[in-house]
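Just so it is clear, none of the values below were taken in a lab; they were calculated from the coordinates. All values derive from a computational prediction rather than experimental measurement. We place every Cβ from the backbone using ideal geometry, glycine too, and count neighbours over all the protein chains shown.
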Amino acid sequence: MKTILITGGAGFIGSHVVRLFVNKYPDYQIVNLDKLTYAGNLENLKDIENAPNYIFEKGDIVDESCISQLFDRYQFDGVVHLAAESHVDRSITNPMEFIMTNVVGTVNLLNAARNLWKGKEKGKLFYHVSTDEVYGSLGQTGFFLEDTPYDPQSPYSSSKASSDHFVRAYGNTYSLPYVISNCSNNYGENQFPEKLLPLFINNIRYNKALPVYGDGLFTRDWLYVVDHARAIDLIYHKGKQGDTYNIGGFNEWKNIDLIKLLCKVMDEKLGREQGSAEKLITYVKDRPGHDKRYAIDAGKINKELGWEPSLQFEEGLSKTVDWYLNNQEWLDRVTSGEYQNYYKEQYS
Ligand code: NAD
Ligand code: DAU
């Protein structure tokens, strides 16, 4: 029986990774450590919460003694580290929180893994889940490769870049077995509605303005979250130690084109007249330091590990919209309370 720690498992991507590991590997004990910040929600894991190989631990990766006690108790064989502050806009308002969780929290986990595994590193693995934003912003052409120099532009991406550097430094200095992946924009079920797609789905539902930053001509490469979870599983089990893998959807969209497609799909599904949702589009002040374009070259993981996205984007988007419309109570619950204050501050 292997015992694997998954951090941030109550969040968007983490919950999909926990579900995949719990269901696919009955002989693993999966421990989900999550602080349950505004972004963490145990409702995301209702379907597996009673699985015999699943344990939830509420805790903060910034709390050193909590982490070292947890490693003592469970003697983890592996770590899949997803816990993070993940929203760029929030990092602009409150960078220190990002430094604490994303940098200090990651170093706490690295220290605990290093202490536990010292001299018996064989079969152990620290998997650090990172983002394509560490590479900065692209012009109209080109792609991020695994060896593209780091050039983070926001407090969020700087904190993630810093954590990536610490992971590599622990590999280099202390022979800590690690692997890193850098992924593009995820979409799908259970994403907190501060991020573009769930925010706009919720606003269209309530006929609220759709706040498009700047000229709307920013480009992102979208990947269905379950395909990211599949890639993480593959890299965890088959990836080369000490290596980096880029993960992306081969699926670039300018924001405004994506938003118009979403509007069309929502009008159809809500039985509203075509063009209704588009009328809600409102151009607003740009995000400071807004990265123009991200695009991942996912050729390495494709060639070396045989991974590719399983869903066409239009199919994934339709499935995602259906999920939010069928889970309106989920959306209503997560948008009550603190969300209202955040929304007022961010968009007023
Ligand atoms: P999320 O914000 O939905 O979830 C983050 C989770 O981490 C939440 O459950 C939260 O409660 C938990 N958490 C936050 N601070 C914590 C702390 N101090 N201690 C313990 N738990 C804490 O994030 P997400 O979008 O699922 O992203 C997960 C990871 O994937 C992050 O590391 C992010 O940088 C990375 N990533 C995200 C995307 C994306 O498009 N969302 C793309 C590439 C990489
Ligand atoms: O690329 C991977 C990254 O993708 C992850 O590391 C981050 O955790 C994740 O949040 C995401 O970052 P983005 O900043 O690209 O995602 P977001 O959904 O915030 O914004 C997507 C695009 O839409 C971006 O160009 C900004 C724009 N946008 C966003 C919001 C919330 C708007 O125009 N209006 C909005 O209200």
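Against the list (1) in contact with a strand residue (DSSP E or B) (Cβ under 9 Å, 6 or more places away or on another chain); (2) farther than 16 Å from HIS290 by Cα, the condition ASN111 fails is (1). Every listed requirement among (1) free of Cβ contacts under 8 Å to residues at least 24 places away in the same chain; (2) crowded, with 20+ Cβ neighbours inside 10 Å is met by THR141 save one, (2). The criterion of at least 2 residues that are more than 11 Å from ligand 2 (Cβ to nearest atom) is met, among strands (runs of 3 or more DSSP E) falling completely within the stretch 232-305, by 244-247. Of all positions in the stretch 270-280, none carries a residue that is touching a residue at least 24 places away in the same chain (Cβ under 8 Å) and within 30 Å of ASN23 (Cβ to Cβ). Determine whether GLU194 is touching a residue at least 60 places away in the same chain (Cβ under 8 Å) and more than 9 Å from ligand 2 (Cβ to nearest atom). Here the answer is no, as GLU194 does not meet what is asked.
Of all residues in the stretch 194-229, those being within 11 Å of ligand 1 (Cβ to nearest atom), in contact with a Leu (Cβ under 9 Å, 6 or more places away or on another chain) and more than 23 Å from LEU138 (Cα to Cα) number 2.
Inspect all residues belonging to the stretch 168-184 and state whether any of them is over 15 Å from HIS87 (Cα atoms), under 18 Å from the mean Cα position of the chain (by Cα), within 15 Å of ligand 1 (Cβ to nearest atom) and assigned to a helix (DSSP H, G or I). No, because not a single residue in the stretch 168-184 is over 15 Å from HIS87 (Cα atoms), under 18 Å from the mean Cα position of the chain (by Cα), within 15 Å of ligand 1 (Cβ to nearest atom) and assigned to a helix (DSSP H, G or I).
Quick one: is ALA295 surrounded by 14 or more Cβ atoms within 10 Å (Cβ to Cβ) and within 15 Å of ligand 1 (Cβ to nearest atom)? Reasoning before the result, please.
Numbers: surrounded by 14 or more Cβ atoms within 10 Å (Cβ to Cβ): yes; within 15 Å of ligand 1 (Cβ to nearest atom): yes.
Considered against the rule, which asks whether it is surrounded by 14 or more Cβ atoms within 10 Å (Cβ to Cβ) and within 15 Å of ligand 1 (Cβ to nearest atom), ALA295 comes out as yes.
Residue by residue, here is whether (1) crowded, with 17+ Cβ neighbours inside 10 Å; (2) within 25 Å of ASN327 (Cβ to Cβ); (3) within 11 Å of ligand 1 (Cβ to nearest atom) holds:
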position	(1), (2), (3)
ASN41	yes, yes, yes
ASN44	yes, yes, yes
SER65	no, no, no
PHE71	yes, no, no
ASP77	yes, no, no
VAL80	yes, no, yes
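Taken together, the residues in the stretch 305-348 that are acidic (Asp, Glu) and within 16 Å of ligand 1 (Cβ to nearest atom) amount to 1.
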